[in-house]
Structures are given as C-alpha cells and as structure tokens.
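First the structure, in the form of structure tokens, and then the observations on it.
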Amino acid sequence: MRKHLITIILSTLVVSSCTNSNGKLALPGFEKKISLDKIKLPPGFSISVFAKDVKNVRSMALSPSGVLYAGSRQEGKVYALRDTDGDYKVDEKKVIAAGLNMPNGVAFKDGDLYVAEVSRILRFPEIEQNLDKPATPEVIFDEYPEDTHHGWKFIAFGPDDRLYVPVGAPCNVCLEDNPVYATITSMKPDGTDLHIFASGIRNSVGFDWHPQTKELWFTDNGRDYLGDERPPDELNHASQKGLHFGFPFCHGSNIADPEFGEQKPCSEFTSPAASLAPHAAALGMRFYTGQMFPESYTSKIFIAEHGSWNRSQKIGYRISTVTLKNGTAGNYEVFAEGWLEGNNAWGRPVDVLVMPDGSLLVSDDYANAIYRITSQP
C-alpha cells in the first residue's frame, strides 16, 4: 500500500466561486429545464430547487459548518456549495478539484474532505480553511481496481470511524479471481488496514447505518438481461462483518444465475432485506433522522431510484421509502415521482441527504440540480 502526494492543478480557472457580478451563480450551458410542478409528493410535503447548474451532481456530504460537498461522475469535478444568506438556496459554489477520474463519492471527517476516484481515495486536509485554494490532496489509498465499469464509488464513514468503500463488479455478471470485486470494503481514515466487510454485492452506490442498531444497510443494483421483471434491485442488511449476498450465483432471494447458479445455491447466501423494483437503479439511501417530517417517517429509509436504461417500459426516476418494523423491512412505496413522463425522463435522482433542519436533499445528475423537500404540519 502506497501513500504519497499528487499534484492537481487548482488554478483560478478551477477553483472559483462561479458567480457573476451580482454574486449569483452563473455557469452558462449547465442549466436544464426543471419542472417541479410535475413532482407528486404526499400531502403536506413540498419541493424546491436548492442548487442548480451543478453539472452531473452525484453523491453528497455535509460538513458541521454547513458546507455541502458533492461529487460528479462524468465531469470529474468536486463541488463545495453554500447557502450564505439562509434562504435555503445555494448562492456560492466552488469547484475545489477538477480532472479527477469519476469522483462520485465524498465524505467529511475531522475537517478533512475525502474523495473517491475509481482506483484511489484522496484526502483534502483542512478543506474549509482552504476553500479558495485547497491544499494538494493526499492519496491515502491507490490499490483499488482501475475498471470503470461499476468503478465509481459512494463512500461514507461508519459508526466505527472507518471509511467504507464499495468495489463494483467490472461486468454485468462475472466471477473474478480478485476477491475485492463485488464487495464493500473499509479502511482506517489514513488509508491503512483495508479489509472486506461484505461480499457478493454486484454494485452498491448507497448505504447508511441504522440510527439505533448502528448496523449497515445498503442498496444493490440487480443484473441486466434477465427480462423486464427480474431480478429485483435489492435493499440489504449487513448485521455483521463477513456476510455474502449472492452475486454472481444468486439474484434477489431465489433467482439462480443462468451461468453461475449451478455452482452454489441461493440458500447459502444472505437474502435481501427487501426486493426493490427491477432495474430501477436504486442508488443513494439514508435513514430519516430529522424532526421536520411527520413522526411516521422516523427511521424510514429513503432511496433514490436513478431509473432503468434497458427496460421496455422505464421504471424508477423517483424517491421511494422502506419502512422498518422491529428491524425487518416492510412497506416499500413511492414517496416522490414525476421525473419520468411515459418513457421520457427530465431528471434522475442519485442521492438523498437529511439536513440538520430535517429537510431532505435530493441530487439529480441529469437536471444538474439539488432539490430540497420539506414538510409542514
């Protein structure tokens, strides 16, 4: 395992507040039409634009001081976003790094920003003291595979203060010799002591820990080309280290893979906690820990469904919830929809994040926006 410094050019062309002469955001060509009047929510809820013109915005992380960090995938950029006047709209945006390799995931800990590229993890020390001129990031780990197929990563720190990093399968369905594929790994904040926490996971791009039990829950995208209705995407529960969730041998709870299923039966693996819509591309997920929403939403799981790409009738493009009862997943239902109209989509939710005031942020990498969902009694 190597640890060294890299140099990323962070010139005034890269590190900028991205404002015009009036102090408002101005990035020509980034804005897409946003039609929030088409979004359907439960009674008492409303949605507004928190940030716009944030190209290909993906996973999000919030610092204690209120700076929202967001990664991208196609753009290779990492953003720092702030609402400086308290009107619940971002009015300051800085591109703190550019030219990175699919920096989808971001995490914040002890003043440092962590960013996941395809094959390595970067750390920007004391980021908020240097937003206008970030220090050269340190590469704390650079031994992940370089495959870009399912190579982008969501990252987050767990209750054990370790950084959790998934490694997707480099294929639709395959069985690789390298055991790090199709796993969720974890490491110390300095990049040492890497180990595999869970395996048999085709591609997880979202996870969170139960606020009471501190156990890991995560989404997983099901394989393609078994038809429109199977297999399901999955919501999984890793109650302990070392569990195997079936890939590539088994999909869902009982669908044997046509190529690998004869090697091991589904009964050998941990079944999903809940089956989600097939091909909906369930990505970011968070437990609701705020106070703004009605009490019935406490500890519910919110899931961003990015949307299908190879289904004859598209599905997803929405926010869903899963209710837990005594630690068991129950009702799975749609919470917010309207980004998909027929077979045409104008938005694709990627990640969700609970804010200190209890509102819920939703990133959209197609409309280049972040939304804020609120509730009134």
Requested in this report: Using the structure shown, decide if Thr321 is touching a Lys or Arg at 6+ places or on another chain (Cβ under 7 Å), over 19 Å from Arg202 (Cα atoms) and polar (S, T, N, Q).
Outcome: yes
Report task. Considering every residue within the stretch 149-168, establish whether at least one is at pLDDT 95 or above, of a type in the set (Ser, Thr, Tyr) and within 24 Å of Asn236 (Cα to Cα). Result -> yes
Requested in this report: Could you please find all residues in the stretch 156-184 being closer than 17 Å to Gly284 by Cβ and either surrounded by fewer than 21 Cβ atoms within 10 Å (Cβ to Cβ) or out of contact with any strand residue (DSSP E or B) (no Cβ under 6 Å at 6 or more places or on another chain) (or both)?
Outcome: Phe157, Gly158, Gly168
Report task. Check every one of the strands (runs of 3 or more DSSP E) wholly within the stretch 264-347 and list those with 1 or more residues that are farther than 14 Å from Leu235 by Cα and polar (S, T, N, Q). Result -> none
**Report entry** Residues of the stretch 209-225 classified as of a type in the set (S, T, N, Q) and open to solvent by 30 Å² or more (accessible area, probe 1.4 Å), total
**Finding:** 2
Query raised in the report: Conditions: (1) closer than 21 Å to Val350 by Cβ; (2) in contact with a Ser or Thr (Cβ under 8 Å, 6 or more places away or on another chain). Trp152 meets all but one. Number of the miss?
Result: (2)
Requested in this report: Report, by residue number, each residue of the stretch 297-322 that is of a type in the set (Ser, Thr, Tyr) and open to solvent by 40 Å² or more (accessible area, probe 1.4 Å).
Outcome: Thr298, Ser312
Report task. Provide a single number: the residues in the stretch 72-93 that are more than 14 Å from Lys52 (Cβ to Cβ) and hydroxyl-bearing (Ser, Thr, Tyr). Result -> 2
Report task. Output the number of residues of the stretch 96-116 satisfying the condition of being open to solvent by 10 Å² or more (accessible area, probe 1.4 Å) and within 21 Å of Leu361 (Cβ to Cβ). Result -> 2
Report task. Collect the residues in the stretch 132-148 that are modelled with pLDDT of 95 or more and outside any strand (DSSP E or B), keeping them in residue-number order. Result -> Pro137, Asp142, Glu143, Tyr144, Pro145, Glu146, Asp147, Thr148
Query - Residue pairs meeting the criteria (Cβ under 7 Å; at least 6 apart or on separate chains; first of a type in the set (S, T, N, Q), in the stretch 174-199; second surrounded by fewer than 20 Cβ atoms within 10 Å (Cβ to Cβ) and part of a strand (DSSP E or B)) - result: Thr183/Ile196; Thr185/His195; Thr185/Ile196; Ser186/His195; Ser199/His244
Query raised in the report: Which pairs have Cβ atoms under 7 Å, sit 6 or more apart or on different chains, and link a residue in the stretch 324-347 that is of a type in the set (Phe, Trp, Tyr) to one that is surrounded by fewer than 17 Cβ atoms within 10 Å (Cβ to Cβ)?
Result: Phe335/Pro42; Trp346/Lys33; Trp346/Ser35
Report summary line: Note on the stretch 69-112: residues of a type in the set (Gly, Ala, Ser) and touching a Phe, Trp or Tyr at 6+ places or on another chain (Cβ under 7 Å) are Ala70, Ala80, Gly105, Ala107
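The values are calculated or read from the model by the stated rules, or taken from the named source; none is laboratory data. Note that the structure is predicted; figures quoted are calculated from it, not measured. For neighbour counting, all protein chains shown are included, and Cβ atoms are generated from backbone atoms with ideal geometry for every residue, glycine included. Accessible surface areas use protein heavy atoms only, side chains included; no ligands, DNA or RNA. Shrake-Rupley method; radii C 1.70, N 1.55, O 1.52, S 1.80 Å.
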